[in-house]
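Encoded as structure tokens, the structure appears first; notes follow it.
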Amino acid sequence: MYESFYSLNRKPFSVTSNPHFLYLSPLHKEALAHMLYGIQERVGFIEITGEVGTGKTTLCRALLNELATTVKTAFIFNSNLSEIQLLQTILKDLGIPSGAKSKGALFQALNQFLLEQMRVGGNVVVIIDEAQNLSNKLLEQIRMLSNLESENEKLLQIILVGQPELREKLKDPALRQLRQRIVVRYHIEALDRLEVSRYIGHRLDIAGANGKGPNFEENAIEKVYRYSAGIPRLINILCDKALLNGFVQESRRITENNIQQAIHEIEGNNHEYN
Ligand SMILES: Nc1ncnc2c1ncn2[C@@H]1O[C@H](COP(=O)(O)OP(=O)(O)O)[C@@H](O)[C@H]1O
Ligand SMILES: [Mg+2]
């Protein structure tokens, strides 16, 4: 609603994980490089962790866009699946036609596909988002998937993406075998002060600002940084509300006060009236 007021062609701070807005901070760049390396080197298991809102899902979507067409991918974002459903979803995502209903038959179909891809020089990647929510049983099943391998190469690259609890979860002795197979790991930290500023600028530019959009004062950015602790999701929520406030006040200049007001709104009015 405020886009045209700020000369923007779309909302700059929506909270969907749209890779079009991707800002490659040094940390995000490194996370992406780890994933690409693990895939290229066919390491088998890759683990990506980060607090809620640090950009894990966005990065996965960006990765999917970046991979060559010779790399077949499946992206699982529902962690509440049965073992059969998990296999079926992976097969469907990879485009493997199979009416198989049993675990054995699904495994077989997947294995055949993997061998075929290997023959033509391809690679296969399964990304599992919110992996901290997977049951031990499902995690064990995922480990079994990586048994589908040829003599000297992993046929399937599995990226486990999750909140820091994922790491804790994998410490369970019952998951020792899985943990030992994870070769590449990366933990996405929050953005620092400078990166927060660049992040905001980048999203405004993608939304069409190009220097003409809203003007976030330094103090305002400082406040965003302090409140969000550098978590992109919180930066978005805060900046979106601040832009709305600026719009209501007919000011293209976003001040510390606009941010303060946004914080009040986010925290509800509880604090104000009691
Ligand atoms: N590097 C980034 N570039 C642009 N936007 C980002 C970035 N990281 C996170 N975001 C934004 O922050 C919000 C939360 O990101 P998301 O990927 O859903 O985090 P997570 O999956 O780690 O919880 C989304 O709106 C997303 O667009
Ligand atoms: Mg996510």
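The values are calculated or read from the model by the stated rules, or taken from the named source; none is laboratory data. All values reported here derive from a predicted model rather than from experimental measurement. We place every Cβ from the backbone using ideal geometry, glycine too, and count neighbours over all the protein chains shown. Ligands, DNA and RNA are excluded from the accessible area calculation, which covers all protein heavy atoms including side chains. Shrake-Rupley method; radii C 1.70, N 1.55, O 1.52, S 1.80 Å.
Scanning the stretch 21-62 for residues that are aliphatic (A, V, I, L, M) and part of a strand (DSSP E or B) gives 46, 48. Take the conditions (1) out of contact with any strand residue (DSSP E or B) (no Cβ under 6 Å at 6 or more places or on another chain); (2) within 30 Å of residue 233 (Cα to Cα); (3) in the same structural domain as residue 44 (by TED's automatic domain parsing); residue 199 misses just one of them, which is (3).
Every residue, every condition in (1) farther than 29 Å from residue 17 by Cα; (2) modelled with pLDDT of 95 or more; (3) of a type outside the set (Phe, Trp, Tyr), yes or no:
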{"residue": "75", "(1), (2), (3)": "no, yes, no"}
{"residue": "81", "(1), (2), (3)": "no, no, yes"}
{"residue": "91", "(1), (2), (3)": "no, yes, yes"}
{"residue": "94", "(1), (2), (3)": "no, yes, yes"}
{"residue": "98", "(1), (2), (3)": "yes, no, yes"}
{"residue": "105", "(1), (2), (3)": "yes, yes, yes"}
{"residue": "108", "(1), (2), (3)": "yes, no, yes"}
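Answer with yes or no whether residue 119 is in contact with a Leu (Cβ under 8 Å, 6 or more places away or on another chain), among the basic types (Lys, Arg) and within 20 Å of residue 42 (Cα to Cα). Write out each step before concluding.
Working: in contact with a Leu (Cβ under 8 Å, 6 or more places away or on another chain): no; among the basic types (Lys, Arg): yes; within 20 Å of residue 42 (Cα to Cα): yes.
Answer is no for this residue.
Of the residues making up the stretch 63-75, those that are assigned to a strand (DSSP E or B) and not small (Gly, Ala, Ser) number 4. Among the residues making up the stretch 10-61, a single one is of a type in the set (D, E, K, R), outside the structural domain of residue 197 (by TED's automatic domain parsing), more than 12 Å from ligand 1 (Cβ to nearest atom) and open to solvent by 70 Å² or more (accessible area, probe 1.4 Å): 41.
With the stretch 85-172 as the region, which helices (runs of 4 or more DSSP H) entirely inside it contain at least 2 residues that are small (Gly, Ala, Ser)?
Numbers: elements: 103-119, 136-145, 165-169.
By residue number, 103-119.
Scanning the stretch 228-247 for residues that are among the aliphatic types (A, V, I, L, M), assigned to a helix (DSSP H, G or I) and within 11 Å of ligand 1 (Cβ to nearest atom) yields 234, 235, 237. Condition first: open to solvent by 50 Å² or more (accessible area, probe 1.4 Å), modelled with pLDDT of 95 or more and assigned to a helix (DSSP H, G or I). Can you find one or more residues in the stretch 209-217 that meet it? No, there is no match, as no residue in the stretch 209-217 is open to solvent by 50 Å² or more (accessible area, probe 1.4 Å), modelled with pLDDT of 95 or more and assigned to a helix (DSSP H, G or I). Taking residue 168, is it open to solvent by 60 Å² or more (accessible area, probe 1.4 Å), more than 16 Å from ligand 2 (Cβ to nearest atom) and closer than 22 Å to residue 60 by Cβ? When the stated conditions are applied, residue 168 passes them. One residue alone among 77, 107, 113 is within 16 Å of ligand 2 (Cβ to nearest atom) and of a type in the set (Phe, Trp, Tyr), and that residue is 77. Consider residue 78 carefully, then state whether it is within 16 Å of ligand 1 (Cβ to nearest atom), open to solvent by 20 Å² or more (accessible area, probe 1.4 Å) and not in a loop (DSSP other than H, G, I, E, B). Answer is no for this residue.
Being in contact (Cβ under 8 Å) with a residue 12 or more places away in the chain and surrounded by fewer than 16 Cβ atoms within 10 Å (Cβ to Cβ) is the filter here; which residues of the stretch 223-243 pass it? So that I can check it myself, show each step before the final result.
Taking the stretch 223-243 as the starting set, the residues that turn out to be in contact (Cβ under 8 Å) with a residue 12 or more places away in the chain are 223-225, 227-243.
Listed by number, the list holds a single entry, 229.
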